[in-house]
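Single-structure report; data block below.
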Amino acid sequence: MSGLKRTLSVWQAVGLSVALMAPSMAANINPQQTAAAAGRAVPLAFLLSAVGVLLVAYGFVRMCQYYQHAGSVYAFVGSTLGPRAGVVSGIGLLGTYTFYAVVTCSAAGNLGTAFLTQLGVWVNPPCGPAGLARRGAT
């Protein structure tokens, strides 16, 4: 009987941790904006988005039945619609990953600023909750 073996490098483990954190972070950061836009219909908005996610997941399952590889969206699009569409979807996916990194860093900065302000370590941050309150913004 073989035991567990270390097969991931440190950076691969960090990448996997960030990838697994993404769904919970999205669920914890985005509801405030949804509540501002949808008001009392937030549960309906999340229900409709869950239906959309399930449809996309179903599409991935069906595609994996025909194309047995570990490709991503661009590989599936390239296989079904042609190489040009695959390149366009790959560029879109690269943009999504890039903007996700920017938004994640922004969220970490906001949380870090609020944490340091609450502790009294950073009394007057240039922006953020304390900086906006100092300027009289709501």
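Restricting attention to the range 1-51, the residues being charged (D, E, K, R) and modelled with pLDDT under 70 number 1. Scanning the range 102-129 for residues that are small (G, A, S) and farther than 27 Å from G15 by Cβ yields G120, G128.
Scanning the range 61-101 for residues that are surrounded by fewer than 13 Cβ atoms within 10 Å (Cβ to Cβ), within 26 Å of V14 (Cβ to Cβ) and not small (G, A, S) yields H69, I91, L94, T96, Y97, T98, F99.
The values are calculated or read from the model by the stated rules, or taken from the named source; none is laboratory data. Given the structure is predicted, the values throughout are model-derived calculations rather than measurements. FYI the Cβ positions are ideal-geometry reconstructions off the backbone, even for glycines, and counts take in every protein chain you see.
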